[in-house]
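Engineer: Before I ask anything, here is the structure I am working with.
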Amino acid sequence: MLFRSALAAMAPIIAGATVGALIALAVYLVLLMGLTIGALAAARGETPEPAAAWRLGLGRALPALVAQLLAGVLVTLMGITIIGIPFAIYFGVRWSFLIPAVAEGAGPRQALSRSSDLVKGQWWRVVGISIVIGLLSSIVGSILSAVLGVVPWVGVGVAAALTAPLQPLAQALFYYDLRARREGESTPPAVTPL
């Protein structure tokens with residue numbers, strides 16, 4: 001009885017937190033897609049137009065979410081058993097370029113295939129460079145947090161806002177590099193509107 005009354009009292013808090021998390025996820029996906037689309041445009045030598053990148057990012061956010069959920073569920077199912085963990089790691093790396101593939105217009109299943117094709121024969125290179133990107137982002141974030149941390153909460157928030165785009169931008173440029181190496185193109189095709 002006590003548990004039920006405590007749960008009933010917490011229901012509005014849980015509902016509010018859930019709605020807040022869903023809104024944050026939606027905003028994150030739109031920003032992630034916009035950054036990726038802008039980075040790919042810059043890699044092609046174009047001047048990224050922020051309004052167009054965010055508009056396209058908004059249109060590609062749902063396919064990006066579905067692709068990430070699909071990959072996440074598959075990797076989780078593989079990693080449930082001790083035998084499946086190496087497969088989960090292997091496919092997690094192979095599917096690490098879902099977001100740039102979706103940014104170029106691929107659907108969720110095509111993004112899995114596209115990412116796998118680009119990583120094929122480059123798996124260890126992708127692992128190594130991804131680790132370096134993650135470490136550099138963490139180091140820069142830690143330094144900024146330490147420097148700006150003299151103002152509690154504000155410094156950490158500013159550091160997070162400044163470093164959050166680093167990994168998606170690096171991932172988009174890495175995708176561009178893999179694509180150029182695989183397909184022999186100097187520039188990937190332009191992103192087309194939905």
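Engineer: Could you give the angle, 0 to 90 degrees to the nearest 10, between helix 154-163's Cα long axis and the longest principal axis of the Cα atoms of the chain?
Structural biologist: The helix 154-163 is inclined about 30 degrees to the chain.
Engineer: Continuing with this model, one more query. Provide the per-residue ³J(HN,Hα) series for the range 5-10, in order, calculated from phi with Karplus coefficients 6.51, -1.76, 1.60 and θ = phi - 60°, each as a whole number of Hz, with x at glycine and proline positions.
Structural biologist: Result, rounded to whole Hz: 5, 5, 5, 5, 5, 8.
Engineer: If you don't mind, there's one more thing I want to ask. Taking the full set of protein chains and a 1.4 angstrom probe, give the accessible area of GLU183 in square angstrom, rounded to the nearest 10.
Structural biologist: Counting only protein heavy atoms, GLU183 exposes about 70 Å² to solvent.
Engineer: Per residue, how large is the accessible surface of the range 21-88? Use a 1.4 angstrom probe and give square angstrom. Spell out each step's value before the answer.
Structural biologist: Working: 3850 Å² over 68 residues.
It amounts to 57 Å² per residue over the range 21-88.
Engineer: With θ set to phi - 60°, apply the Karplus curve 6.51 cos²θ - 1.76 cosθ + 1.60 along the range 44-56 and write out the HN-Hα couplings as whole Hz, x wherever there is a Gly or Pro.
Structural biologist: Rounded to whole hertz, the list is 7, x, 8, 8, x, 9, x, 4, 5, 5, 5, 5, 5.
Engineer: Helix 108-119 versus the longest principal axis of the chain: what is the Cα-based angle in degrees, 0 to 90, to the nearest 10?
Structural biologist: 60
Engineer: Let me ask you something else. How high is the relative contact order of the range 1-158, in percent, counting Cα pairs under 8 Å that sit 6 or more residues apart?
Structural biologist: Relative contact order here is 16 percent.
Engineer: Translational D (Stokes-Einstein, µm²/s) of the chain at 10 °C and 1.306 mPa s when Rh comes from the Kirkwood sum over C-alpha pairs?
Structural biologist: Stokes-Einstein gives a translational diffusion coefficient of 86 µm²/s.
Engineer: Using helices alone, what [θ] at 222 nm do you get for the chain, with -39,500 (n - 2.57) per DSSP H run of 4 or more residues, divided over all residues and rounded to the nearest 500?
Structural biologist: -27000 deg cm²/dmol
Engineer: Determine the share of the chain's accessible area contributed by carbon and sulfur atoms, expressed in whole percent, with a 1.4 angstrom probe. Please report the intermediate quantities before stating the final value.
Structural biologist: On the way: 8570 of 11400 Å².
C and S atoms contribute 75 percent here.
The values are calculated or read from the model by the stated rules, or taken from the named source; none is laboratory data. Please read these numbers as outputs of a predicted model, since none were measured by experiment. Accessible surface areas use protein heavy atoms only, side chains included; no ligands, DNA or RNA. Shrake-Rupley method; radii C 1.70, N 1.55, O 1.52, S 1.80 Å.
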